[in-house]
1. Do any strands (runs of 3 or more DSSP E) entirely within the range 1-78 hold 1 or more residues that are out of contact with any His (no Cβ under 7 Å at 6 or more places or on another chain) and over 26 Å from Leu257 (Cα atoms), and if so, which?
2. Can you name every one of the helices (runs of 4 or more DSSP H) wholly within the range 269-365 that holds 2 or more residues which are under 18 Å from Phe167 (Cβ atoms) and at pLDDT 95 or above?
3. How many residues are surrounded by fewer than 15 Cβ atoms within 10 Å (Cβ to Cβ) and in contact with a strand residue (DSSP E or B) (Cβ under 8 Å, 6 or more places away or on another chain) when one looks only at the range 321-347?
4. Among the residues of the range 273-286, is there at least one that is surrounded by fewer than 23 Cβ atoms within 10 Å (Cβ to Cβ) and among the acidic types (Asp, Glu)?
5. Of the conditions (1) in contact (Cβ under 8 Å) with a residue 40 or more places away in the chain; (2) out of contact with any Phe, Trp or Tyr (no Cβ under 6 Å at 6 or more places or on another chain), Thr131 satisfies every one except a single condition; which number is it?
6. Restricting attention to the range 19-61, which residues are polar (S, T, N, Q), closer than 27 Å to Thr313 by Cβ and in contact with a strand residue (DSSP E or B) (Cβ under 7 Å, 6 or more places away or on another chain)?
7. Name the one entry in Ala106, Ala101 that is touching a strand residue (DSSP E or B) at 6+ places or on another chain (Cβ under 8 Å) and outside any loop (DSSP other than H, G, I, E, B).
Amino acid sequence: MPEDCDVLIVGGGPAGLVAGEAAAKQGVRTLILERQHEIGYPIHTSGGTWVSDMQALNIPRALYHPINKVVFVSPQREVPLSYFPAVACVVDVRSLYQHLAARAIAAGASLRVRHTVEQTLLEDGRVCGVTAKNHAGERISQRSAVTVDASGFSRHVGVRTGMGKAFHRYGFGAEYDMYAPYYPQDELYLIMGSRFAPRGYAWAFPHGDGRVRLGVGVIHPDCDDDARIYLDSIIRDVPQLTEKFKDASPIEFHTGLFPSEGPFERFSRDGLLLAGDAGGHGSTLVGEGIRFAIYSGQMAGSVAAEAVKAGNTSAAFLGRFDKQWRARFGRDMDISYMINKRIANYSDEKWDDALDLMKRLTPSQMAQALRGDFSTGLVMGVLARNPGLIASSGKKFLDMMLERINTPAVQMVER
């Protein structure tokens, strides 16, 4: 029988691995269970993120590829933006996850691959561990003082313990990871419009050595289309990309699901925390999850360890995680979700109008908006450069953004 642990983490993605590192650093017995055969496989994300966050999170420079040019494309418009130095980047997903695994192990956490969680252990309403099938097909019971559900979209523990239902609205993405000898490795493309990405967007993300991730994401149930059917037509029919993908061919094929409902109302209960996608902690603005999963994992692992050391694993104590996360990310995530719901219904003409607006913004304003760093200054800057919004429905939406920006996080939790 396995020994009990203090902190049990379900899921070996970025949130779970970093939660394991954070908990183990505080000296508590920490175990991470991952259902796949290896960390970082299969790949479910395109890996787009931001240089400043990778630096803040101490990610080695070799694990991310900087981007100097970002190009937005709609049916009748194109907006190129240049950044020197680079602000955006594309990570080596598999290597990044394995790096995070090594950090967790070095901190003292134990990691077990090919361990599939089956049931949740409950005692008097408190989560006290899980049952799982191990790599040898044996069923085991693993008890813990605190369990962290970092199982991503599937939410293995959260769904079974009344911490929110399975996701109903989500992004479905499909991508080729290609060798493309003529693709410029410092240019990233984001493509909108009904022909190539209805209710979503398409992307071309270079990540070094002639490799490019070409993908499409669509939001279900807003749209019933299968993202996979658009990949080949993007290579063939998007004029900005045709020559760049000359003699290119896929080396890998990835699919993934991303929650598009915003964060859950609660991330904690007696003995349990939800971290990363399991708590809805990714940005719905562009379907970005990696950096937010890492930050969420850091907070969850630290609070879990503090609870163990205090001998108090109640919902009241673990609720510190909810407060910390909402104080740092709640406002921007709420606004990202507001924008996501608005632009998911854009027609081709609306996307052309949106790119006309983008043309009048500075590259730094666009980067701030894409990062989801919303502020009064950003909203007023958008209005100053697009005075026509004042007499349109866009002004009403910006007023809603300003109201949310100026509402304290604590007040939003109490509503």
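1. Here the list reads 5-10, 30-33, 69-74.
2. Values: elements: 290-310, 315-325, 331-343, 348-359.
It comes to 290-310, 331-343.
3. Result for the range 321-347: 1.
4. No, because not a single residue in the range 273-286 is surrounded by fewer than 23 Cβ atoms within 10 Å (Cβ to Cβ) and among the acidic types (Asp, Glu).
5. (1)
6. Within the range 19-61, just Thr30 meets the criteria.
7. Working: Ala106 fails: touching a strand residue (DSSP E or B) at 6+ places or on another chain (Cβ under 8 Å).
Every option except Ala101 fails the conditions.
A quick yes/no check of all residues on (1) surrounded by fewer than 24 Cβ atoms within 10 Å (Cβ to Cβ); (2) not assigned by TED's automatic domain parsing to the domain that holds Ala15:
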residue	(1), (2)
Ala109	no, no
Thr120	yes, no
Val130	no, no
Ala136	yes, no
Arg143	yes, no
Tyr189	no, yes
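The values are calculated or read from the model by the stated rules, or taken from the named source; none is laboratory data. Everything quoted here is computed from the prediction, not taken from an experiment. Positions of Cβ are backbone-derived with ideal geometry, glycine not excepted, and every protein chain shown enters the neighbour counts.
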